[in-house]
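Below: one structure, written as structure tokens.
The values are calculated or read from the model by the stated rules, or taken from the named source; none is laboratory data. As the structure is a computational prediction, the values presented were derived from the model and not from experiment. Cβ placement follows ideal geometry from the backbone for every residue including glycine, while neighbour counts extend to all protein chains displayed. Surface areas here come from the heavy atoms of the whole protein model, side chains and all, with no ligands, DNA or RNA. Shrake-Rupley method; radii C 1.70, N 1.55, O 1.52, S 1.80 Å.
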2 protein chains.
Amino acid sequence: MNELNSPFPTPQQRQEEREAKRSAVLRTAVQMFNERGFHQTSLDDVAARLGVSKPTIYHYLGNKDQVLLECVTIGLSQLIAAAEAARGTPGSGADRLTSFLRRYAEVNMDDFGRCVIRTSEEALAPDSRQQFRALKRRIDAAMRTLIEEAMADGSIAPGDPKLLGFALAGALNWPARWHDPGGPDSAETLAASLVDWLARGFLPRRR
Amino acid sequence: MNELNSPFPTPQQRQEEREAKRSAVLRTAVQMFNERGFHQTSLDDVAARLGVSKPTIYHYLGNKDQVLLECVTIGLSQLIAAAEAARGTPGSGADRLTSFLRRYAEVNMDDFGRCVIRTSEEALAPDSRQQFRALKRRIDAAMRTLIEEAMADGSIAPGDPKLLGFALAGALNWPARWHDPGGPDSAETLAASLVDWLARGFLPRRR
DNA sequence: AATGCAAGTTACTCGCCAGTAGATTTTTGC
DNA sequence: GCAAAAATCTACTGGCGAGTAACTTGCATT
């Protein structure tokens, strides 16, 4: 397509370029929020790093609240996707749960996932906060369902699914606070090891 | 002492009263930070809830950064105290570890402990941030030592102590985000149940 | 050629809030 | 009684940063 590499973009291409710019803004914003914190990052800062001026951000994304909301929404969609993927996985309830958990942890070490964890609800305007909450509830519910199904088929230990959900979520959210993406440990291996500890517990098992 | 209940306070009493006021300010501040977030809480707000004016806060505590630093320092001291208490506990390494973990979780559901978790480092001025970090490192190190000792005496499963530390800390920090102190579940029982899940893992154990 | 939309810009406004100056009142120690 | 210190207030300053108005330029459409 466009074999002559003409400098005159098709409407198609223009649309794509706009999309690309939009997500570049988002990507830069989320990284800066993660580095320096939402409140310590002004839209002027973000614009400066992109080499543009603040109104450009407003042009593509709207106000600061909307920028943040979009960042966390992206992160949360990845988690929802992980939950849906896990449902379609073959194997026992425990298998589906652990595969979900691994992916959950990985997402939380990625730009947008980290932002979900590090963003405290209070930073968002009331409306956005409600949407944020609603999405988080969906993830929680999905995780709890996975847990309940695994308890039901006996592939994990019985107990309070809600509490287990909180314990697992906490342990796998936390890397958003300490994991260094530039460090030696890849998100994948870390995720797998963490899930393994949670699955087996720290008390020794007799074989 | 002071049997006549005289209205003229002794120097002793004056000192205590000042101390009481100081900690009332701190207590109110930390609660408001937890409710509405640090950046959404102005010192005027805190002063208003106490029925005083902003300069009074400066009189007792200094600037906003120092207020926050003191809040998290209190929380972290409680954790350090928990670690020291655990060291003196009789029993196996696993016993000492679990008793520490339970207390650790409880503290994180308390006003000052919650603040430690919910405060992101970026909110603090560089100097305070360093102190904050240093204290957190102490807790981490204490936890890791407890883990290593328990691994050494064989009372918990072998593995990477650092990773286990992060998993445990994450799971037990998280209640700072979801636990409702006014709810039906007491911090103590919640802490115990969480630690139990972490100890045993979610995979079924024989017998 | 005229119109209009898209993508930027510069240069503002405006409110909030941390922090302070300085007055005022009470307490206390001599 | 008097000077100094403690505890508090009212009333300000100053800066930062979100959000906007209004211009520019270029391309696209009829």
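Using a 1.4 Å probe on protein heavy atoms only, how many Å² of accessible area do B and A hide from each other, summed over both chains and rounded to 100?
On the way: alone 12320 and 12360 Å², together 20640 Å².
Accessible area lost upon association: around 4000 Å².
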For chain B, what does the helix formula give at 222 nm: sum of -39500 (n - 2.57) over DSSP H segments with n ≥ 4, over the residue count, nearest 500 deg cm²/dmol?
-23000 deg cm²/dmol
Straight-line reach from residue B:136: which lysines have Cα under 26 Å away, leaving out those fewer than 8 places along the same chain?
B:64, B:162
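How big is D, in µm² s⁻¹, for the stretch B:87-159 by Stokes-Einstein at 20 °C and 1.002 mPa s if Rh is the Kirkwood radius over C-alpha pairs? Before the final figure, lay out the partial values.
Numbers: Rh = 13.8 Å.
Reported coefficient: 156 µm²/s.
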With the dipole of the stretch B:22-154 worked out from charges on the C-beta (+1 for Lys and Arg, -1 for Asp and Glu) around the Cα centre, which of B:61, B:82, B:48 lies farthest toward the positive end?
B:48
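With charges set only on the Cβ (+1 for Lys and Arg, -1 for Asp and Glu), what does the dipole of the protein assembly as shown come to about its Cα centre, in debye to the nearest 20?
Numbers: 54 positive and 52 negative charges, 71 e Å.
So the magnitude is around 340 debye.
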The farthest towards the positive end of the charge dipole of chain B, of the residues B:173, B:39, B:197, given +1 on Cβ of Lys and Arg and -1 on Cβ of Asp and Glu, is B:197
A correct Kirkwood calculation over the Cα atoms of the stretch B:26-148 returns a hydrodynamic radius in Å of 15.4 Å
Report, in whole Å, the centroid distance computed from the Cα atoms of the stretch B:170-191 and the stretch B:54-81.
23 Å
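Charges at C-beta only: +1 for Lys and Arg, -1 for Asp and Glu. How large is the resulting dipole of the stretch A:10-155 about its Cα centre, in Debye rounded to 20? Mind dumping the intermediate values first?
Values: 21 positive and 20 negative charges, 49 e Å.
Approximately 240 debye in magnitude.
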With angles folded into 0 to 90 degrees, how steeply does helix B:11-36 sit against the dominant principal axis of chain B? Use alpha carbons for both and round to 10.
60 degrees
Heavy-atom accessible area of the stretch B:153-204 with neighbours in place, 1.4 angstrom probe: carbon+sulfur share in percent works out to 56 percent
Bin width 10 Å, alpha-carbon pairs only: give the P(r) of chain B as whole percents, running from 0 to the bin holding the largest distance.
8, 29, 29, 20, 10, 3, 1
If you line up the long axis of helix A:126-152 against the longest principal axis of chain A, both from Cα atoms, how many degrees apart are they, to the nearest 10?
30 degrees
For the stretch A:1-126, give the percent of accessible area contributed by carbon and sulfur heavy atoms, probe 1.4 Å, rounded to a whole number.
51 percent
Select from B:116, B:145, B:161 the residue farthest towards the positive end of the dipole of the stretch B:93-162; place +1 on Cβ of Lys and Arg, -1 on Cβ of Asp and Glu, and compute about the Cα centre.
B:116
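Using unit Cβ charges (K, R positive; D, E negative) and no other charged atoms, how large, in debye to the nearest 20, is the dipole of the stretch A:128-197 about its Cα centre?
On the way: 8 positive and 9 negative charges, 125 e Å.
With only Lys, Arg, Asp and Glu charged at Cβ, the dipole is about 600 debye.
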Rounded to the nearest 10, the angle in degrees between the Cα long axis of helix A:187-200 and the longest principal axis of the Cα atoms of chain A comes to 20 degrees
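Please average, across the residues of A:156-169, the number of beta carbons from any other chain that are within 10 Å of each residue's own beta carbon, and give a whole number. Mind showing how you got there, number by number?
Details: counts 4, 7, 1, 5, 2, 0, 0, 6, 4, 0, 10, 14, 7, 5.
The shielding value for this peptide is 5.
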Residue-normalised accessible area of the stretch B:89-207, given per residue in Å² at a 1.4 Å probe:
43 Å²
For the stretch B:116-207, compute the orientation-averaged projected area of the C-alpha convex hull (one quarter of its surface), in nm².
8.2 nm²
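Based on a Kirkwood Rh over C-alpha pairs, give the Stokes-Einstein translational diffusion coefficient of the protein assembly as shown at 4 °C and viscosity 1.567 mPa s in µm²/s. It would help to have the intermediate numbers written out before the result.
Numbers: Rh = 23.7 Å.
Estimated diffusion coefficient is 55 µm²/s.
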